[in-house]
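See structure below.
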């Protein structure tokens, strides 16, 4: 489903470590993918067909129209004329189902929360990784997302991997999951700052004096509130730009930025890992105004590149960032503005947090993630 993203990185890094171990055999039974990380794996290169990214989504279906029954109409339309991305997703599921039916595996590790496999897995164990519970904490942002964590899926899992203590706590509080069943396994950083090159054309696209915003901007990511704070700082003479690496600005965002008089200060750009690394290395700071995160890989990416990190004081972020970040309240304008201004006005503070970031980064590695995950597999596997 993802071309880029934290879940994609997670599984790529696991497989990358396991493919060099002759005692571990893995299989990824899918046909279509646009995932940029998977294409780097020797066993997958040239075998995956490109995933079409023209799926009609509820968000752009009859955009701007709001009426009772819109979701029902959307579902009917997709049943009558499924979009190509939906067809490809179903083909991937079927490929997985065929593999599950054969039963020639020890453990199954689904990448997301679809429960299609429960009728086919039999007595084989599966490990479920839970990344966050934002669907339950912010249901207003996920009303039409059918892919949801559910009690049946959690109860049937042999073990549950939680990517943070924060998510573990949410699992216990919201779903009453047995604490003994949950194993916290942190994620890590994949960027290699010492070995990057980017084109001069790319460098020319990047404005001077910019803050960096990475990833999706909708809902609980709190982007529009952050935009208000930046606009207010610019009204005070700061002249800040913001570079966003997520999807193109949608109509709502463009309307809001124009309303603020700040559209010229916000720039959207697609990037590969080298270009993302360049942005981290040259940004005034990486700003993470999110209202909730299951882990927060971008914070570690920023640390690795010597980029100061400004984050909301909530969910897993204190667990991941420790004393290396500057914290603010995500819905408090003065708190966020003060954090941003501190990176502009205090060079000593900026350097101190860069140094702290390098130290904090040492606590996380994909090697440790892979080793701990392998140990969890071994816990549930019955010897053949």
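The values are calculated or read from the model by the stated rules, or taken from the named source; none is laboratory data. Model, not experiment: these values are computed from the prediction. Note that we place each Cβ from the backbone using ideal geometry, even for glycine, and neighbour counts take in every protein chain shown.
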Test for residue 127: is it assigned to a loop (DSSP other than H, G, I, E, B), surrounded by 17 or more Cβ atoms within 10 Å (Cβ to Cβ) and in contact with a strand residue (DSSP E or B) (Cβ under 9 Å, 6 or more places away or on another chain): no
First in the range 176-188 and farther than 24 Å from residue 13 by Cα, second anywhere and crowded, with 16+ Cβ neighbours inside 10 Å, Cβ under 8 Å, 6 or more apart: 177/154; 177/160; 177/171; 179/168
Matching residues, the range 166-188, being more than 22 Å from residue 112 (Cβ to Cβ) and either in contact with a helix residue (DSSP H, G or I) (Cβ under 8 Å, 6 or more places away or on another chain) or in the same structural domain as residue 273 (by TED's automatic domain parsing) (or both): 179
Residue list for the range 328-342, restricted to those being outside any helix (DSSP H, G or I) and closer than 21 Å to residue 210 by Cβ: 328, 330
Qualifying residue in the range 94-105 (condition: surrounded by 15 or more Cβ atoms within 10 Å (Cβ to Cβ) and at pLDDT below 85): no
Verdict on residue 279 being closer than 30 Å to residue 171 by Cα and either assigned to a helix (DSSP H, G or I) or assigned by TED's automatic domain parsing to the domain that holds residue 237 (or both): no
Selected residue (criterion: surrounded by the most Cβ atoms within 10 Å (Cβ to Cβ)) from residues of the range 352-384 that are at pLDDT 95 or above and outside any helix (DSSP H, G or I): 364
Output for the range 18-55, where each listed residue is surrounded by fewer than 17 Cβ atoms within 10 Å (Cβ to Cβ), in contact (Cβ under 8 Å) with a residue 60 or more places away in the chain and more than 20 Å from the chain's Cα centre (by Cα): 18, 24, 27, 29, 31
The range 208-224: number of residues that are modelled with pLDDT of 95 or more and either in contact with a helix residue (DSSP H, G or I) (Cβ under 8 Å, 6 or more places away or on another chain) or within 18 Å of residue 308 (Cα to Cα) (or both): 7
Some residue of the range 207-216 being assigned by TED's automatic domain parsing to the domain that holds residue 273 and assigned to a helix (DSSP H, G or I): no
Residue under evaluation residue 227, criteria (1) in contact with a helix residue (DSSP H, G or I) (Cβ under 9 Å, 6 or more places away or on another chain); (2) over 22 Å from residue 279 (Cα atoms); (3) assigned to a helix (DSSP H, G or I), criterion not met: (2)
Identity of the residue in the range 247-264, part of a loop (DSSP other than H, G, I, E, B) and loosely packed, with under 13 Cβ neighbours inside 10 Å, that ends up modelled with the lowest pLDDT: 248
